[in-house]
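This report refers to the structure that appears directly beneath it.
The values are calculated or read from the model by the stated rules, or taken from the named source; none is laboratory data. Just so we're clear, the structure is a prediction, and the values are computed from it rather than from any experiment. Positions of Cβ are generated from backbone atoms using ideal geometry, with glycine treated the same way; all protein chains shown enter the neighbour counts.
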Amino acid sequence: MRMNPSDLSALDRAICGEVWASDAIARNLETLCLQCGGRFAGSEAYRRAAEMVADWWRGYGLSDVRLEPFPCVAWERGGASLAMTAPAERAYPCLALPYAPACDLAGEMLDLGYGAEADFAAAGDAVAGKIVLTRSGAAAGQRPMHRLEKYIRARQAGALAFIFADDQPGMLAPTGSLALDQDGALDQALPSVGIAQEVGLELARWARGNGQVRLHLRLDNRLWRGESWNVIGELPAADPTAPLILVGGHLDGHDIAQAAIDNASGVAAVTEVGRVLAGLRAGSGRPLIEPMSCGVRFICFGVEELGMVGSYAYAAAHEAEMDRIRFFFNLDCVAAGSRLGLNLQNCSELAPLFRSLGVELAAELDVVEHLVPFSDHLPFTLAGVPAAFIVTTGDRAAGRGWGHTAADTLDKVNIASVRLAAAGVGRLVARLASGQTEWPGRRRTPDEVKTALQASGAEPLLRLLAAWPF
């Protein structure tokens with residue numbers, strides 16, 4: 001039975017009222033950041049965070065809440081030092097990049113600018129045995145390049161070590177994982193560090209003005225085979241075979257800060273959607289979102305920051321359910337901005353629907369079609385499942401720029417943006433789960449997925465990462 005317009009209006013008011021009138025979302029965000037820090041993969045802090053989120057979800061009324069384990073390579077940061085020994089002696093601050101092994105090495109530095117494919121091609125055999133310096137970003141007019149593209153090219157060319165400089169001022173050294181075969185040797189990665197923009201510019205000046213620059217790099221890191229967990233909870237439909245809507249984001253962050261933006265903000269918003277929708281079903285009187293034609297599953301993924309290991313593990317373990325998944329809302333960095341962005345992943349037929357829902361809900365909703373080959377939606381996109389990468393936009397001053405640095409702390413989060421994400425996604429999920437909207441979406445075939453990835457330009461990167469499934 002379909003809801004009448006007054007019921008839909010009451011549903012919207014109830015969701016928005018709960019999100020904006022309660023302090024639960026702010027309390028949960030603060031508790032997660034203060035008590036569990038960066039929630040790094042393989043750490044006791046991550047396990048504590050996973051159990052904490054599971055307890056919240058049980059208390060809010062989600063059912064079948066559980067931690068699903070999966071294996072992973074764990075990494076622990078030790079000391080890191082970087083020094084120039086010629087043509088002058090200088091010591092520079094640096095951060096080991098996750099998966100980098102321990103080392104004590106010296107060698108000549110080679111500055112390869114942005115580290116584009118053309119830069120490596122021009123350097124040719126000169127890369128072998130060198131400590132390669134690259135910087136974040138790309139030259140004007142060129143395709144943006146991820147850190148991993150630069151790193152993998154350095155490794156393939158025989159570099160001795162890899163240095164990655166940030167692209168924003170403030171003496172903030174970036175972190176970010178290296179590519180790693182989870183079944184391969186533990187020490188397969190190059191010794192690698194992140195350095196601040198200012199340090200990278202200084203090293204580049206030494207190289208331009210004085211010729212050969214020699215560096216000494218020492219890292220004391222530890223790798224081992226460990227375990228992590230995805231946190232899962234349910235808001236089931238009466239029919240256990242009904243379609244599923246997934247709402248999720250990654251729980252893990254980096255170990256150098258609270259990982260408040262990336263991605264405690266997403267976890268807080270996902271939890272709020274679960275709290276509000278579960279409460280609307282369990283409240284007194286007629287449940288506001290019954291009957292539900294879709295179940296809603298909430299997932300907090302582990303080990304996203306080290307290669308989406310948790311979401312790949314989930315997709316493999318739940319392969320038989322992929323045909324049931326109607327849509328996946330992936331909330332990753334929803335901490336700044338005044339608009340909600342839905343980046344649709346290879347499901348263009350859903351753009352008119354979500355745009356019309358944005359108008360119907362009077363929501364500040366930006367629907368774009370932009371295939372993003374990172375974050376936890378990727379394993380689902382590769383499996384042909386419709387998904388959206390959910391962000392908040394409109395505030396360029398804060399946003400994602402603090403992520404992966406020591407400045408990703410609670411004070412950078414605009415709690416109004418997190419509420420905006422929770423309210424917007426909650427209203428969309430309620431509309432879809434309650435069967436009020438005809439659903440034109442469908443799962444893509446492998447050939448369709450392959451064609452879309454090629455058209456987006458993602459194929460070269462996925463091949464570099466050994467993640468091309470075709």
Could you run through the stretch 340-363 and say how many residues are within 22 Å of Ile415 (Cβ to Cβ) and either in contact (Cβ under 8 Å) with a residue 60 or more places away in the chain or under 18 Å from the mean Cα position of the chain (by Cα) (or both)? 5
Any residue that is crowded, with 20+ Cβ neighbours inside 10 Å, touching a Ser or Thr at 6+ places or on another chain (Cβ under 7 Å) and farther than 27 Å from Ala185 by Cα - is there at least one of those in the stretch 68-90? no
Condition first: within 30 Å of Cys94 (Cα to Cα) and not in a helix (DSSP H, G or I). Now tell me which residues in the stretch 405-444 satisfy that. Thr405, Ala406, Ala407, Asp408, Thr409, Val413, Asn414
Find the residue count for the stretch 53-72, including only residues that are at negative phi, not in a strand (DSSP E or B) and not aliphatic (A, V, I, L, M). 6
When the stretch 137-155 is checked residue by residue, the ones that are touching a residue at least 60 places away in the same chain (Cβ under 8 Å) and of a type outside the set (A, V, I, L, M) are Arg143, His146, Glu149, Arg153
Answer yes or no: is there a residue in the stretch 296-315 that is surrounded by fewer than 24 Cβ atoms within 10 Å (Cβ to Cβ), without any contact (Cβ under 8 Å) to a residue 24 or more places away in the chain and farther than 25 Å from Ser43 by Cα. no
Being more than 15 Å from Ala387 (Cα to Cα) and among the β-branched types (Val, Ile, Thr) is the filter; apply it to the stretch 316-360 and report the residue that is surrounded by the most Cβ atoms within 10 Å (Cβ to Cβ). Val334
One residue is enough: does the stretch 433-446 have a residue meeting the conditions under 22 Å from Cys300 (Cβ atoms), surrounded by 20 or more Cβ atoms within 10 Å (Cβ to Cβ) and at pLDDT below 95? yes
Based on this model, can you work out whether Glu117 counts as surrounded by fewer than 18 Cβ atoms within 10 Å (Cβ to Cβ), modelled with pLDDT under 95 and of a type outside the set (S, T, N, Q)? yes
Pull out all pairs, ordered by first then second residue, where Cβ-Cβ is under 6 Å, the residues are six or more apart or on different chains, the first lies in the stretch 446-460 and is in a loop (DSSP other than H, G, I, E, B), and the second is surrounded by 13 or more Cβ atoms within 10 Å (Cβ to Cβ) and of a type outside the set (Asp, Glu). Ala458/Pro373
Scanning the stretch 25-44 for residues that are assigned to a helix (DSSP H, G or I) and crowded, with 18+ Cβ neighbours inside 10 Å gives Ile25, Asn28, Leu29, Glu30, Leu32, Cys33, Cys36
Residue set Leu251, Leu178, Leu246, Leu235; condition under 21 Å from Phe40 (Cα atoms), crowded, with 22+ Cβ neighbours inside 10 Å and assigned by TED's automatic domain parsing to the domain that holds His318; output residue Leu251
Determine whether Leu34 is assigned by TED's automatic domain parsing to the domain that holds Gly279, closer than 17 Å to Ala268 by Cβ and of a type outside the set (Asp, Glu). yes
Restricting to the stretch 210-232, what's the tally of residues that are in the same structural domain as Ala41 (by TED's automatic domain parsing) and at pLDDT below 95? 0
So, first residue at positive phi in the stretch 370-384, second residue in a loop (DSSP other than H, G, I, E, B) and among the aliphatic types (A, V, I, L, M), Cβ within less than 9 Å, six or more apart or across chains; the pairs are Ser375/Met308
Counting only residues in the stretch 91-110 that are in contact with a Ser or Thr (Cβ under 8 Å, 6 or more places away or on another chain) and buried (at least 21 other Cβ atoms within 10 Å of the Cβ), the one nearest to Trp206 (Cα to Cα) is identified as Cys94
For the stretch 299-370, which strands (runs of 3 or more DSSP E) that fit wholly inside it have 2 or more residues that are in contact with a Gly (Cβ under 7 Å, 6 or more places away or on another chain) and of a type in the set (A, V, I, L, M)? 365-369
Which strands (runs of 3 or more DSSP E) does the stretch 73-162 wholly contain that include 2 or more residues that are outside the structural domain of Gly253 (by TED's automatic domain parsing), under 29 Å from the mean Cα position of the chain (by Cα) and under 30 Å from Glu459 (Cβ atoms)? 131-135
If I filter the stretch 258-278 for residues that are assigned to a strand (DSSP E or B) and buried (at least 24 other Cβ atoms within 10 Å of the Cβ), do I get at least one hit? no
Among the residues of the stretch 202-232, how many are surrounded by fewer than 16 Cβ atoms within 10 Å (Cβ to Cβ) and farther than 30 Å from Leu105 by Cα? 1
Scan the stretch 10-31 and tell me whether some residue there is over 24 Å from Val425 (Cα atoms) and of a type in the set (A, V, I, L, M). no
